[in-house]
Amino acid sequence: MDMEFSPEDLAFQQEVRDFIAENYPAELREKQDEGEEMSKEDFLVWHKILHKKGWIAPAWPVEYGGTGWTPTQRFIWSEESARADCIRLMPFGLAMVGPVIYTFGTPEQKAHFLPRILSGEDWWCQGYSEPGSGSDLASLRTTAVRDGDDYIVNGQKTWTTLAQHADWGFFLVRTDKDAKQQEGISFLLIDMKSPGITVRPIITLGGEHEVNEVWLEDVRVPVANRVYEENKGWTCAKFLLAHERTGIAGVAASKRGIEKVKAIARTEVDGDKPLLANAFFKRKVAELEVDLAALELTELRSLAGPNAGRGPGPESSLLKIKGSEIQQRLTELSLEAVGHYGAPYFRGFGEGDNEHPIGPDYAHRAAPTYFNMRKTTIYGGSNEIQRNIIAKMVLGL
Ligand SMILES: Cc1cc2nc3c(=O)[nH]c(=O)nc-3n(C[C@H](O)[C@H](O)[C@H](O)COP(=O)(O)OP(=O)(O)OC[C@H]3O[C@@H](n4cnc5c(N)ncnc54)[C@H](O)[C@@H]3O)c2cc1C
């Protein structure tokens with residue numbers, strides 16, 4: 001694999017750098033630097049700027065609004081976005097349901113939903129997991145029963161990320177109770193404002209409102225909002241999960257994270273030297289950098305290899321495992337680096353907190369982020385489940 005950028009790629013890199021420098025909103029940067037919780041509007045402001053530029057969905061086919069970039073250009077884009085610490089784009093529309101709709105949807109579904117995902121008009125949430133049906137997702141019990149041109153949906157979903165902001169949700173529902181588990185599931189697009197939907201917050205260990213329970217009671221959903229055939233929703237579900245897992249690797253963001261940890265460790269002192277001069281700490285940073293470089297090369301191989309353009313396969317499980325472990329190790333190192341300044345924030349930020357922050361700015365989010373990132377080895381299919389997938393689908397065991 002040729003690791004040198006061509007002159008065209010270098011020019012593209014410069015174009016991206018200039019665009020971000022000239023267009024990234026200063027108020028958003030300020031909020032990020034101060035570790036403030038982001039609102040729905042905050043998440044969408046950069047999305048809308050990128051949409052206007054035509055750069056919102058680099059991974060999509062051009063006919064549906066993609067950029068037509070080469071894998072290298074896409075790599076440069078994510079690299080530069082992370083380097084500039086741009087806010088992450090919500091994956092639910094762009095990286096999850098969007099690809100499902102353009103791959104399996106009807107012409108009407110494509111025409112209606114895809115432009116609204118690109119523009120940021122619709123915020124999506126993912127209604128897969130249920131109490132008792134996480135790893136064993138195919139055991140899900142939310143039902144959808146046909147009633148003329150509608151389904152009547154009843155059940156409960158859980159861990160639904162940012163559903164409090166969602167306009168639409170993509171839900172897995174059981175449409176045939178008698179079929180084998182995977183064969184009785186359908187994939188529905190549900191308007192979150194439909195009567196019968198209740199979203200209840202779950203407050204996480206870091207004190208944030210990031211996940212929710214979603215209750216569905218006699219929710220009427222048009223049959224026209226089913227993607228793909230009835231009882232074949234598992235095909236869409238699996239396709240979407242592979243996309244979700246690749247994004248989860250988060251290589252570019254982790255590279256930026258390492259730089260942040262190093263900057264903290266240059267400022268914090270250990271005796272009379274910067275913490276970064278401490279051999280034990282330095283070694284942990286170096287080990288992380290080596291693992292991240294290996295992950296990056298693995299991701300590049302999967303982007304440029306024989307499967308390029310065919311979408312992610314089971315090897316995305318490998319990227320998910322390594323990427324999520326690295327993200328967690330990064331937050332451990334940050335917390336270690338800020339030392340006792342992290343302690344006041346162990347309970348996270350409560351709503352309406354007005355206490356004066358203690359310690360340097362970078363210390364405030366170290367503990368809540370550390371707690372929050374425990375999620376990475378659980379969501380998107382736990383890492384144990386990913387190991388099972390690798391054993392079966394990649395190694396053929
Ligand atoms: C922060 C966060 C956000 C999330 N967001 C969403 C969302 O937006 N939408 C959504 O639908 N879901 C979401 N999830 C749910 C997530 O997908 C599930 O939590 C995950 O699939 C694990 O399921 P579970 O929690 O039911 O755990 P369980 O399936 O009960 O697993 C418990 C433990 O047992 C292990 N285990 C289970 N089965 C096996 C096996 N066969 N072999 C080996 N080990 C096994 C697991 O690895 C885990 O350690 C989110 C989860 C979190 C934590």
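Here, each number is a calculation from the coordinates, and none is a lab measurement. Owing to the predicted nature of the structure, the values given are computational and were not obtained by experimental measurement. In this analysis, Cβ positions are derived from the backbone assuming ideal geometry, glycine residues included, and neighbour counts consider all displayed protein chains.
Give the angle, between 0 and 90 degrees and rounded to the nearest 10, that separates the Cα long axis of helix 40-53 from the longest principal axis of the Cα atoms of the chain.
The angle comes out at about 90 degrees.
Using Cα pairs closer than 8 Å and at least 6 residues apart in sequence, work out the relative contact order for the chain, in percent.
The normalised contact order for the chain reaches 14 percent.
In whole Å and largest first, what semi-axes does the C-alpha gyration tensor of the chain yield when each eigenvalue is scaled by 5 and square-rooted?
Rounded to whole Å, the semi-axes are 36, 25, 22.
Can you compute the charge dipole magnitude of region 135-177 about its Cα centre, using +1 on each Lys and Arg Cβ and -1 on each Asp and Glu Cβ, nothing else charged? Give it in debye, rounded to the nearest 20.
220 debye
What is region 170-222 by shape, rounded, prolate or oblate, if you read a ≥ b ≥ c off the alpha carbon gyration tensor as root eigenvalues and call it rounded for a/c under 1.5, prolate for a/b larger than b/c, and oblate otherwise?
Judged from the Cα gyration tensor, region 170-222 comes out oblate (a/c at least 1.5, b/c at or above a/b).
For a quick protection proxy, order the peptides 293-302, 118-127 by their average other-Cβ count within 10 Å, most packed first.
118-127, 293-302
Give me the angle, in degrees from 0 to 90, between the Cα long axis of helix 71-83 and the longest principal axis of the Cα atoms of the chain, rounded to the nearest 10.
The two axes meet at around 60 degrees.
Across bins of 10 angstrom width beginning at 0, how are the C-alpha pair distances of region 89-205 distributed, in whole percent?
In whole percents, the pair-distance histogram is 13, 43, 37, 7, 0.
Nearest 10 degrees, 0 to 90: what angle lies between the long axis of helix 279-304 and the longest principal axis of the chain (Cα atoms)?
40 degrees
Considering only Cα-Cα distances, which of the following residue pairs are longer than 21 Å: Lys40/Lys320; Lys193/Lys320; Lys255/Lys375; Lys52/Lys260; Lys193/Lys232?
Lys40/Lys320; Lys193/Lys320; Lys52/Lys260; Lys193/Lys232
When the helix-only estimate is applied to the chain (DSSP H runs of n ≥ 4, each -39,500 (n - 2.57), divided by the residue count), what is the mean residue ellipticity at 222 nm, nearest 500 deg cm²/dmol?
-13500 deg cm²/dmol
Sorted by average packing, counted as other Cβ atoms within 10 angstrom per residue and highest first, what order do 84-90, 154-160 take?
Result, highest mean first: 154-160, 84-90.
Mind giving me the nanometre distance, one decimal, between the label points for Lys40 and Gln14, set 7 Å out from Cα along Cα→Cβ?
Calculated label separation equals 4.2 nm.
Please work out whether region 1-119 counts as rounded, prolate or oblate from its C-alpha gyration tensor, where a ≥ b ≥ c are the square roots of the eigenvalues and a/c under 1.5 means rounded, while otherwise a/b larger than b/c means prolate and anything else oblate?
Taking the square roots of the gyration eigenvalues as a ≥ b ≥ c, region 1-119 is oblate.
Take the alpha-carbon centre of region 233-290, take the same for region 132-165, and report the distance between them in whole Å.
For region 233-290 versus region 132-165, the Cα centre distance is 34 Å.
Using Cα pairs under 8 angstrom and six or more residues apart, how large is the relative contact order of region 1-155, in percent?
Relative contact order, region 1-155: 17 percent.
When a/c is below 1.5 the answer is rounded, else prolate if a/b is larger than b/c, else oblate, so apply that to region 78-140 with a ≥ b ≥ c taken from the square roots of the Cα gyration tensor eigenvalues.
Oblate.
What distance in nm separates the two pseudo spin-label positions at Lys180 and Arg374, each 7 Å out from Cα along the beta-carbon direction?
3.8 nm
Multiply the residue separation of Ala293 and Glu108 by 0.36 nm, subtract the distance between their alpha-carbon atoms, and state the gained length in nm to one decimal.
Between Ala293 and Glu108, full extension yields an extra 62.3 nm.
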